[in-house]
Amino acid sequence: MGEVYVGRHTRLGREVAIKVLRAEFATMPDIVQRFFQEARVVNELKHPNTVEILDFVEEPGRVYLVMQLLEGRTLSE
């Protein structure tokens, strides 16, 4: 449904992970709502093994989450 990139939050001055919803899904209100709901649920969890959501952005044709960047191994590792 999307891709994750490493980016830099210019206002916070730190590296972040950016999870971008694919363009074909960004125009589907039910998919965008589920994506936003994921962000809300993750932010309600308070656990060392969960990521912090810093921002949720919804623009025409583009929807993405800005998250804490975690360093570590990939799932395949």
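The values are calculated or read from the model by the stated rules, or taken from the named source; none is laboratory data. A quick note: this is a predicted structure, and the numbers were derived from the prediction, not measured. All Cβ positions, even for glycine, are placed from backbone atoms using ideal geometry, and neighbour counts span all protein chains on display. When the accessible area is computed, the model is the full protein with side chains, heavy atoms only, and any ligands, DNA or RNA have been set aside. Shrake-Rupley method; radii C 1.70, N 1.55, O 1.52, S 1.80 Å.
Only four residue types carry charge here, +1 at the Cβ of Lys and Arg and -1 at the Cβ of Asp and Glu. Report the dipole size of the chain about the Cα centre in Debye, rounded to the nearest 20.
140
Rounded to the nearest 10 Å², what accessible area does Leu12 show when all protein chains are kept and the probe is 1.4 Å?
Near enough 100 Å² of accessible area.
Roll a 1.4 Å probe over the protein heavy atoms and report the accessible area of Arg14 in Å², nearest 10.
Its heavy atoms expose roughly 90 Å² to the probe.
Please report the carbon-and-sulfur percent of the accessible area for the range 12-77; probe 1.4 Å, protein heavy atoms only, DNA, RNA and ligands left out.
After summing per-atom areas, the C and S share lands at 52 percent.
With a Cα-only, solvent-free Debye model of the chain, what are the log10 I(q)/I(0) values at q = 0.28 Å⁻¹?
So the normalised log intensities work out to -1.36.
Give the accessible surface of the chain per residue, rounded to a whole number of Å², with probe radius 1.4 Å and ligands, DNA and RNA excluded.
Values: 5900 Å² over 77 residues.
Roughly 77 Å² per residue, with all protein chains present.
Under a plain spin-label model, where a point goes 7 Å from the Cα along Cα-to-Cβ, how far apart in nm are Val4 and Ala23?
2.4
Which semi-axis lengths, in whole Å and largest first, follow from the square roots of five times the eigenvalues of the Cα gyration tensor of the range 1-41? Could you put the intermediate results ahead of the total?
Values: eigenvalues 101, 29, 13 Å².
Taking √(5λ) for each eigenvalue gives 22, 12, 8 Å, largest first.
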